[in-house]
């Protein structure tokens, strides 16, 4: 089956900035997403179009097609109790924050007693990236996944 709108795709990736490896999924589970529902980086989703299980390829994405441009004024003070990922925070660490738009990764800039100043840019924002991709599986989405707009794991939806 080829990757097309309304298919569930699982793939492994390794992302590079120049020659520097930034992140890889190869030591864990593959990433799964619902194709054609704006839940993937636009340039990466376009590159995955019409691929099949066991396909491997590389794609270079300009920042605008990956995590977008970096915004220097995207700093917000967030209460420490809303930061997830560690018990003690230090500048340079990344944290997860739940927002009305879903979970978001932030970078700690400065830590106070009750709040932290956080950079809201994705850590890869403003960077041109290369992705090495291995498609693991492709299947038709279930009607439940289509109505919810996201992939469900084994056992169905967890919400």
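General observations
- Taking the range 32-62 as the range and being loosely packed, with under 12 Cβ neighbours inside 10 Å, at negative phi and in a loop (DSSP other than H, G, I, E, B) as the test, only 62 passes.
- For the range 116-126, the criterion of being on the phi < 0 side of the Ramachandran plot, free of Cβ contacts under 8 Å to residues at least 40 places away in the same chain and assigned to a strand (DSSP E or B) is met by at least one residue.
- Filter result for the condition that a residue is within 16 Å of the chain's Cα centre (by Cα) and crowded, with 17+ Cβ neighbours inside 10 Å, over 66, 29: 66
- Flag if residue 45 is assigned by TED's automatic domain parsing to the domain that holds residue 133 and closer than 14 Å to residue 135 by Cβ: yes
- Of the criteria (1) in contact with a strand residue (DSSP E or B) (Cβ under 9 Å, 6 or more places away or on another chain); (2) more than 16 Å from residue 40 (Cα to Cα); (3) in the same structural domain as residue 18 (by TED's automatic domain parsing), which one residue 143 fails: (1)
The values are calculated or read from the model by the stated rules, or taken from the named source; none is laboratory data. These numbers come from a predicted model, not from an experiment. Positions of Cβ are backbone-derived with ideal geometry, glycine not excepted, and every protein chain shown enters the neighbour counts.
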